[in-house]
Structures are given as C-alpha cells and as structure tokens.
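Peer 1: Would you mind keeping the following structure in view while I ask a few things?
The values are calculated or read from the model by the stated rules, or taken from the named source; none is laboratory data. None of these values were measured; they are calculated from a predicted model. Every residue, glycine among them, receives a Cβ derived from its backbone with ideal geometry; neighbour counts consider all protein chains shown. Surface accessibility is based on the protein's heavy atoms, side chains included, excluding ligands, DNA and RNA. Shrake-Rupley method; radii C 1.70, N 1.55, O 1.52, S 1.80 Å.
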Amino acid sequence: MPGIVEPALRGSYGREYHWAVVAETTQRMLPPEAAHGAVALAERQTAGCGRLGRTWVDSALMFSVALYPEPPVADWPALTLVAAEAVASAIGPGAAIKHPNDVLVDGRKAAGILAEAGERVVLGIGINVGSSAWPGAGWVDRDRLDLLVDVLARLEQGYDRWAASR
C-alpha cells in the first residue's frame, strides 16, 4: 500500500508515510522526528486501544497522524473533535459524531479517534471498512485508499481552520 498512497494524496498530510503489515499500535509507529502530518498505517494491530482502554485491533483502516500544534496545550483536546468531523464528513450521509471521539453510521459505532499528547499530538483513527467483527458495530462501504485520502485531506483542512481560529 505505501507506493499507492502518495500519488493519491490531495494535501501534505501523509507525504511522510510509515506502513506495517502488523504493529502493536499505529500510535507508536511514528518516529520522534516525524513531520507534521506524517501518517502511520498498519494492516493489523496487536495492542491497539481506544480512549477508555478498549481493544481496537482490526478495523480495516487503522492509522495515526502526527500533529504539532502551538501552545496552549489546553486547546489541544479540541483536535479529537476536528478529527471526528473529518472522519464523519469523509464517510458522508448517515455519519454522526458521538461526542467526544466516536463516529456512528446509522446509529452504530463505525469509527473511533484516540488523541495522545506529549511533545506533539498523535491522532489514532480506526474505521470499520467493509464489515465489522463486532456484533452491532457499524461500518463503511468504501474503498480503503479513497477513504484514507479523503480523511487526510479533510483533517488537514480542519486542522488549518482550527489553528487559524486560535
């Protein structure tokens, strides 16, 4: 997948791209020197988790994005909602945000966002694509590459709006 992502991108997010067949979690794949907008994607996670520590290992599209927002750090939690808005708008009609970090499709959880902050913010995004292994979970019927590219473009636009409004 690495060689097909860059030509499809519509912005700067994802130009630095880290890919693995299996990783513990995409949240740890980004090196400390990763650029703003760098992306890490794994086909499978073995130790991925959500906001409340719930397991998130197989969702068909699991990736993390490195962001370097300016202080104050107190404003950074809003980036979870920026990411949720990007995911929901990329999914399209039928998608709704369940505050603070879930995206529902037809009332069922189809995506989740986990933001971790330190020297930077790493946004972890998991989207059920094509089906879901969890009974009652929602999913998106979309090509993975198209969805990834769409989410990254919308996330970049949303981040830029958020940064400009502070």
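Peer 1: For segment 120-147, enumerate the residues that are of a type in the set (G, A, S) and either within 23 Å of A35 (Cα to Cα) or open to solvent by less than 10 Å² (accessible area, probe 1.4 Å) (or both).
Peer 2: Hits for segment 120-147 are G124, G126, G138.
Conditions (1) at pLDDT 95 or above; (2) open to solvent by 40 Å² or more (accessible area, probe 1.4 Å); (3) on the phi < 0 side of the Ramachandran plot; (4) part of a loop (DSSP other than H, G, I, E, B), marked per residue:
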position: G3; (1), (2), (3), (4): no, yes, yes, no
position: H18; (1), (2), (3), (4): yes, yes, yes, no
position: E33; (1), (2), (3), (4): yes, yes, yes, yes
position: S89; (1), (2), (3), (4): yes, yes, yes, no
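Peer 1: Given the criterion open to solvent by 50 Å² or more (accessible area, probe 1.4 Å), in contact (Cβ under 8 Å) with a residue 24 or more places away in the chain, within 14 Å of the chain's Cα centre (by Cα) and under 18 Å from R10 (Cβ atoms), identify the matching residue among E85, E156.
Peer 2: From the options E85, E156, the qualifying one is E85.
Peer 1: Related question: Got a sec? Which of G94, G130, G112 is on the phi > 0 side of the Ramachandran plot and touching an Asp or Glu at 6+ places or on another chain (Cβ under 6 Å)?
Peer 2: G94
Peer 1: Only one of (1) free of Cβ contacts under 8 Å to residues at least 40 places away in the same chain; (2) in contact with a helix residue (DSSP H, G or I) (Cβ under 8 Å, 6 or more places away or on another chain); (3) open to solvent by 40 Å² or more (accessible area, probe 1.4 Å) fails for D102. Which number is that?
Peer 2: Of everything listed in (1) free of Cβ contacts under 8 Å to residues at least 40 places away in the same chain; (2) in contact with a helix residue (DSSP H, G or I) (Cβ under 8 Å, 6 or more places away or on another chain); (3) open to solvent by 40 Å² or more (accessible area, probe 1.4 Å), D102 misses just condition (3).
Peer 1: Now for a different question. Charged (D, E, K, R) and modelled with pLDDT of 95 or more: which single residue out of R120, R108 fits that description?
Peer 2: After ruling out the rest, the residue left standing is R120.
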